[in-house]
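Undergrad: There's a structure below that I have some questions on.
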Amino acid sequence: GELFCVVVPTDLVEKFRKEIDKTFEYASQVNFATLISEIHKARQVILYATGFTQNNYTKQFSSELFMAGRSNYIVSGETNFEVISHSLTSDDFVIIISLSGNTPGIRTTVNALNMKDIPILSITELGKNFLVENSDYQLYYNTTEFPLEDEHIISMNAVGIVLTILARKYQEFAFFDE
């Protein structure tokens, strides 16, 4: 019993630290200048998250953008996303937060956005996927999978990390560079 209590939590905390480190590493390879400038000059910024966890982090991200004077809209649900996409133009900017980047329900909408030259930032776990291939900008986060009995639980805490990095970069721009 003793050993188990000591070993497991340390291991999980270490995994979390690696998740964060990797996510920072990915971010360090991104040229934020053009991305931030696009977000800044956009007529509207639309945020779309493909799942419950992503959505929670997106709400936080949305309020951080508001604090830096960047209004934005969170769109919930594939149908709403599809409907709103019709009224968007190339002056708008769409940020899609997803785990796999392969959510089938948004493919048609993403293709339509591409046809209209609407810039898209995809935020997904690292790897090749539909969203990455069909977006103008990409940010990545690292996930940890830990098998609990028969379930596969995927920790997506690093979504919050990458969104916070993006929010901070935007805040630096808004507060110090103008």
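Undergrad: Could you give me the residue pairs with C-beta distances under 7 Å whose first residue belongs to segment 8-32 and is among the hydroxyl-bearing types (Ser, Thr, Tyr), whose second residue is modelled with pLDDT of 90 or more and part of a helix (DSSP H, G or I) wherever it lies, and which are 6+ apart or on separate chains?
TA: Thr23/Ala158; Thr23/Ile161; Thr23/Val162
Undergrad: Can you tell me which condition Ser62 does not meet? The list is (1) surrounded by 15 or more Cβ atoms within 10 Å (Cβ to Cβ); (2) modelled with pLDDT under 95; (3) of a type in the set (S, T, N, Q), and all the others hold.
TA: Answer for Ser62: the failing condition is (2).
Undergrad: Now for a different question. Just for strands (runs of 3 or more DSSP E) wholly inside segment 119-178: which have at least 3 residues that are surrounded by fewer than 21 Cβ atoms within 10 Å (Cβ to Cβ) and not small (Gly, Ala, Ser)?
TA: So the answer is 144-148, 151-155.
Undergrad: Taking the options Ile106, Ile161, Ile118, Ile154, name whichever one is without any contact (Cβ under 8 Å) to a residue 60 or more places away in the chain, in contact with a strand residue (DSSP E or B) (Cβ under 8 Å, 6 or more places away or on another chain), of a type in the set (Val, Ile, Thr) and within 20 Å of Ile36 (Cα to Cα).
TA: Only one candidate qualifies: Ile118.
Undergrad: What pairs can you find where one residue is in segment 36-53 and surrounded by fewer than 15 Cβ atoms within 10 Å (Cβ to Cβ), the other is charged (D, E, K, R), and their Cβ atoms are less than 6 Å apart, with a gap of 6+ or different chains?
TA: The qualifying pairs are Arg43/Asp91; Arg43/Asp92.
Undergrad: Report, by residue number, each residue of segment 65-100 that is touching a Phe, Trp or Tyr at 6+ places or on another chain (Cβ under 8 Å), open to solvent by 10 Å² or more (accessible area, probe 1.4 Å) and touching a residue at least 40 places away in the same chain (Cβ under 8 Å).
TA: Ala68, Arg70
Undergrad: Now for a separate question. Which one of these is modelled with pLDDT under 90 and open to solvent by less than 70 Å² (accessible area, probe 1.4 Å): Val30, Val8?
TA: Residue meeting the stated conditions: Val8.
The values are calculated or read from the model by the stated rules, or taken from the named source; none is laboratory data. Values in this document were obtained by computation on a predicted structure and should not be read as measured data. For neighbour counting, all protein chains shown are included, and Cβ atoms are generated from backbone atoms with ideal geometry for every residue, glycine included. Note: accessible area is taken over every heavy atom of the protein model, side chains too, but ligands, DNA and RNA are not part of it. Shrake-Rupley method; radii C 1.70, N 1.55, O 1.52, S 1.80 Å.
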